[in-house]
Amino acid sequence: MFRSKLVLGMSVTGTLVGGAVMLKDYMQGGRFKRGDVRADGKVVIVTGANTGIGKETAMFLARRGAHVYMACRDMTRCETARQEVVLETKNANVYCRQCDLSSLQSVRKFAEQFKQEQNRLDILINNAGVMRCPRSLTKEGIELQLGVNHMGHFLLTNLLLDMLKLSAPSRIVVVSSLAHTRGKINVQDLNSEKSYDPATAYEQSKLANILFTRELAKRLQGTGVTVNAVHPGVVDTELMRHMGLFNSWFSSILIKPFAWPFLKTPIFGAQTSVYAALDPDLEKVSGQYFSDCAPKDVADQAKDDKLAQWLWAVSEKWTGTLTGTAAVS
């Protein structure tokens, strides 16, 4: 009797584990299947490349022969990741450069140094981000999620546009999120000074990514430079570190095991970024939004052209893109 129950229990457990593994594989989503596509000699920048999706994106592009610049805030962690990428891909053309997106001065310094080292830029991947963190400010006084996820990348992209145009056909990839569908641009309190909610601020920043992408695509028409936004999926990375639901002792024991089948691993979270960066069919596609390596529609608020123009003007002012100075007002 005991042996029968043991066998039954093992059978049920095996079935549940097998089912969870199959579900996990299914939830990894679309994959970039163009194994024939190379990136030999292409110069690429990936922000936030020392961990998670950014690291896997850098790994993939290095494996395809690209010269990869890992633009990161923490140089110690970046160098550790760089060594791993070089070892795995056998590509020595992988470089660490400091770029703290919460400091516009750091962004400017990175762009200046990059231009001194390179005379071309084929792909810019705006990947770095922060998510649902306690309210804090960038060096210039911008709410951190808006500052890092949008403003820092807005400045970086504009500083490098001349190189992207000279290297055309070239591409910009903006890592956004499905969270943009819940986002609203608070034109009365963009900097979250009157009230702050971590989720609301994150959703606003991800909507800003889409509005920026669509507006930039219009401004780049005829230049040979394309820009598209992507949703990587719900990925198990350090980005979730401020979400207690996933990081408390309680959740690690009782919640995360059940959520595990539904979370993408970073390597699959990077697939749509790579797809947008390399797929030959997208060479002339711009201003679009992709998820699971396929086009997806954006939320209605992301189609508001007047709002996109307003956000662009504010972003220029706050980052000092036009005047060379930055101020939040």
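Before moving on, here are some points about what is shown:
- Test set (1) out of contact with any Lys or Arg (no Cβ under 9 Å at 6 or more places or on another chain); (2) touching a residue at least 40 places away in the same chain (Cβ under 8 Å); (3) of a type in the set (Ser, Thr, Tyr) - residue 167 fails condition number: (1)
- Hey, residue 253 modelled with pLDDT under 95, touching a helix residue (DSSP H, G or I) at 6+ places or on another chain (Cβ under 6 Å) and either of a type in the set (D, E, K, R) or not in a strand (DSSP E or B) (or both) or not: no
- Among residues of segment 79-109 being among the hydrophobic types (A, V, I, L, M, F, W, C) and within 18 Å of the chain's Cα centre (by Cα), the one that is farthest from residue 266 (Cα to Cα) is 107.
- Conditions (1) of a type in the set (D, E, K, R); (2) surrounded by 17 or more Cβ atoms within 10 Å (Cβ to Cβ); (3) modelled with pLDDT of 95 or more; number of the one not met by residue 303: (2)
Results for (1) under 22 Å from residue 53 (Cβ atoms); (2) basic (Lys, Arg); (3) free of Cβ contacts under 8 Å to residues at least 12 places away in the same chain; (4) touching a helix residue (DSSP H, G or I) at 6+ places or on another chain (Cβ under 8 Å), shown as yes or no for each residue.
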position	(1), (2), (3), (4)
162	no, no, yes, no
180	yes, no, no, yes
185	no, no, no, yes
188	no, no, yes, no
192	no, no, no, yes
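- Among the residues of segment 134-157, those that are buried (at least 17 other Cβ atoms within 10 Å of the Cβ), over 16 Å from the mean Cα position of the chain (by Cα) and touching a residue at least 60 places away in the same chain (Cβ under 8 Å) comprise 140, 142.
- The single condition among (1) surrounded by fewer than 23 Cβ atoms within 10 Å (Cβ to Cβ); (2) touching a Phe, Trp or Tyr at 6+ places or on another chain (Cβ under 8 Å) that residue 228 does not satisfy is (1).
- Pick from segment 158-170, criterion in contact with a strand residue (DSSP E or B) (Cβ under 8 Å, 6 or more places away or on another chain) and farther than 22 Å from residue 311 by Cβ, ranking: surrounded by the fewest Cβ atoms within 10 Å (Cβ to Cβ): 169
- Selection within segment 45-84: residues that are buried (at least 24 other Cβ atoms within 10 Å of the Cβ) and of a type in the set (Val, Ile, Thr). The member of this set that is farthest from residue 35 (Cα to Cα) is 47.
- Tallying residues that are in a helix (DSSP H, G or I) and either touching a Cys at 6+ places or on another chain (Cβ under 6 Å) or not charged (D, E, K, R) (or both) within segment 154-183 yields 15.
- In segment 112-123, the condition of being modelled with pLDDT of 95 or more and under 18 Å from residue 287 (Cα atoms) is met by at least one residue.
The values are calculated or read from the model by the stated rules, or taken from the named source; none is laboratory data. On a predicted model such as this, the values are computed, not experimentally measured, just so you know. Cβ coordinates were reconstructed from backbone atoms using ideal geometry, including for glycine residues, and neighbour counts include every protein chain displayed.
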